[in-house]
Amino acid sequence: MTRPSRSSLLMAPALAWLAALMVVPCALVLALAFFRRGIYGGIEYTFTLENFGLVFDPLYAGIFLNSARIAGTATLIAVVIGYAAAYAIAAAPRRWQPVFLFFAVLPFWSNYLIRTYAWIVLLNREGLITQLLRWFGYTGEPPSMLYTEGAVIAGLVYNYLPFVILACYAPLSRLNPELAEASRDLGASAATTFRRVILPLTVPGIAAGAVFVFVLSIGNFVTPALLGGGRFQMIGNLVYDQFLTANDWPFGAALAMALIAIMLLVLMAQALAANRASGHVTQAGGGTDG
Amino acid sequence: MNHSFARSFGMRTILVLVFAFLYIPIAVLAALSFNEGGLPTAWSGFSLKWYASLAGNSAILSAALNTLIVALISTAIATLLGTLLAIGIEMRRQYGKGLEALIFAPMIIPDIVLAIALLSFFSMLNLTMGLHTIILAHVVFNLAFVCSVVRARLKSFDWSIVEASADLGASAITTFRRVTLPVIAPAVIAGALLAFTLSVDEFIIAFFTAGAGRASTTLPMQIYAMIRFGITPEINALATIVMAVSITALTLSQRLNRGIIGQ
């Protein structure tokens, strides 16, 4: 048997599985978004665009903007903390770096629900933070931190931070230390060196980390449900409701497609950012060659 | 030098703060699971009673059994399919971007989207949902993860030894068993452990594809239901066990295949 045909044979079962249980169901959701909701909650098979129109209805558009704001804030915070952490890990002695990295990523692989629940334990009215405040002499009412937007953002940052650390560490660890030295020798301050040399070279890592946090946050429904106490609807919660409570599957499908569209846009932006960053590097390289 | 001292002090402070942020929440949770009193207010002595009460909770035990069934079967299927897929791809000298995207997709599609897609698909087929539909669903993302771990290992594989083995008269199966498999075995096991961990922890897709009724409740579904009622020491104990299991599986996986998480 020839090599390509043997290769096809080996790939066939997995590709068939993905086709039947991922491609077809996703295509089905896409199709569903163009049908009408039946009077009794079923699906009426007449073509319509009104589900997509409804996505832009002020009520739902507001939820989209809200989700984007929450996901954006979480992304920003996670990138700042994650980049600092990755920078500190990359600056540590070589033999310690894999150890730090491993322990930075370890919590990420434990159960998502449990990591979110840990924040309920921390933030509830009698939780650790209230206890600490009391210990420092605070006597007033326990602060209400749970079921706020801040709690949702904290939960998202906590859950996705390890990935940002990983994504930023990769380019930081490959950074040639001579570049920073050269910049300093040429009289640049530490801040300028960081802004003009280190940061541009590590943009792909930042972009990858940011995309990951943003995409997972905006489609999240567990964190808003648990830490937001159901008061902060995000797109994920909206999709959930259409399928499990409101029983409007076509609208839920349209919302899911909008979510995928946002995800693709963000991925395209990331590819652009990575391209521009590599253009920057080539330019710098071209300069030395020429 | 003063400057570099200040710098390394700054770096250490960042590391301490970040690790505190990452580990304090789960450490507090684990510590409270041993708290006699059962309220998050005050420590009242060491006790294992919440672990004992877990052992007597039949809802949790049956959910744990369901999770084990789903994780074992979906991992077995995904490991087989994912490994074959990885070998098939790496054997080719070229493949299209479409193929790459198809294999990458299960890892990046938002869970909620795959969950509702499968729910729509299964109900359109009038399939009775239960553990079997969760297994079908879990194989989708598990095989993608196994495939990516095995592919990373195959990147440095010298295909000429496969040809040499064939030239020496070994059948395709013997070649696989005696030449390819020994090279990729650590990655296959690491991929399987990773898949197992992901399946044990997966909540959203299971929640949507489990169907009605409590018979096919998995552990994360049970945990979600319990968390919504608030904090109990019993959840703390359960959470501590689940974390310990996934952290052990992942550490093993990492040791077998250095670099899958450090990539």
| said: Run the simple label-point estimate for B:Leu127 and B:Ala185 please: 7 Å along Cα→C-beta, distance reported in nm. | reply: 3.5
| region B:6-30 residues near the modelled B:Ala52 label - backbone nitrogen below 14 Å, point 7 Å along Cα→Cβ | none
| note | Relative to the compact-globule estimate 2.2 N^0.38 Å (N residues), the Cα gyration radius of region B:57-256 stands at a ratio of 1.17
| From the residues A:Ala84, A:Gly62, B:Ala115, which one has its Cα farthest along the dipole of the protein assembly as shown in the positive direction, the dipole being from +1 and -1 charges on Cβ of Lys/Arg and Asp/Glu about the Cα centre? | A:Ala84
| note | Once B:Thr251 and B:Arg178 are pulled to full extension, the length gained, defined as 0.36 nm per residue separation minus their Cα-Cα distance, is 23.5 nm
| message | Using only alpha-carbon positions, what ratio does the radius of gyration of region A:159-290 give when scaled by 2.2 N^0.38 Å? | response | 1.46
| field | chymotrypsin sites (Phe, Trp or Tyr not before Pro) restricted to region A:41-114 and DSSP loop, no more than 13 other C-beta within 10 Å | value | A:Tyr45, A:Phe47, A:Phe56
| said: Can you give me the convex hull volume of the Cα atoms of region B:1-120, divided per residue and expressed in Å³? | reply: 278
| Helices from chain A with mean Kyte-Doolittle at least 0.5 and a Cα length along the axis of 30 Å or more, per DSSP H: which? | A:58-91, A:149-174, A:249-289
| message | Averaged over its residues, how many other protein chain Cβ atoms are within 10 Å of peptide B:79-89's Cβ atoms? | response | 5
| remark: Between A:Arg37 and residues 5 or more places away or on another chain, the pairs with built amide H atoms under 5 Å apart involve A:Glu44
| Can you list, largest first and rounded to whole Å, the semi-axes you get for region B:92-144 by taking the square root of 5 times each eigenvalue of its Cα gyration tensor? | 26, 11, 10
| So what are the radius of gyration and Dmax for the Cα set of chain A, in Å? | 23.8, 79
| task | Quick one: compute the contact order of region B:57-256, relative version, from alpha carbon pairs under 8 angstrom and 6+ residues apart, as a percent. | result | 36
| remark: Using the Kirkwood radius over Cα pairs of the protein assembly as shown, the Stokes-Einstein translational diffusion coefficient at 20 °C and 1.002 mPa s, in µm²/s and rounded to a whole number, is 84
| note | Within 10 Å of the Cβ of an average residue in A:25-31, the count of other chain Cβ atoms is 6
| Exercise: per-residue mean of other protein chain Cβ atoms within 10 Å, B:129-137 | 1
| Do the sum for chain B: with -39,500 (n - 2.57) for every DSSP H run of n ≥ 4, divided by all residues, what is the mean residue ellipticity at 222 nm, to the nearest 500 deg cm²/dmol? | -24500 deg cm²/dmol
| request: For region A:1-58, just the Cα atoms, rotate onto the principal axes and tell me the three extents in Å, largest first. | output: 57, 25, 15
| Can you list, largest first and rounded to whole Å, the semi-axes you get for region B:131-180 by taking the square root of 5 times each eigenvalue of its Cα gyration tensor? | 32, 15, 5
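Every number here is computed from the coordinates shown, using simple stated rules; none is lab data. The structure presented is a predicted model; accordingly, all values stated were derived computationally and were not measured. Backbone-built Cβ (ideal geometry, glycine too); neighbour counts: all protein chains shown.
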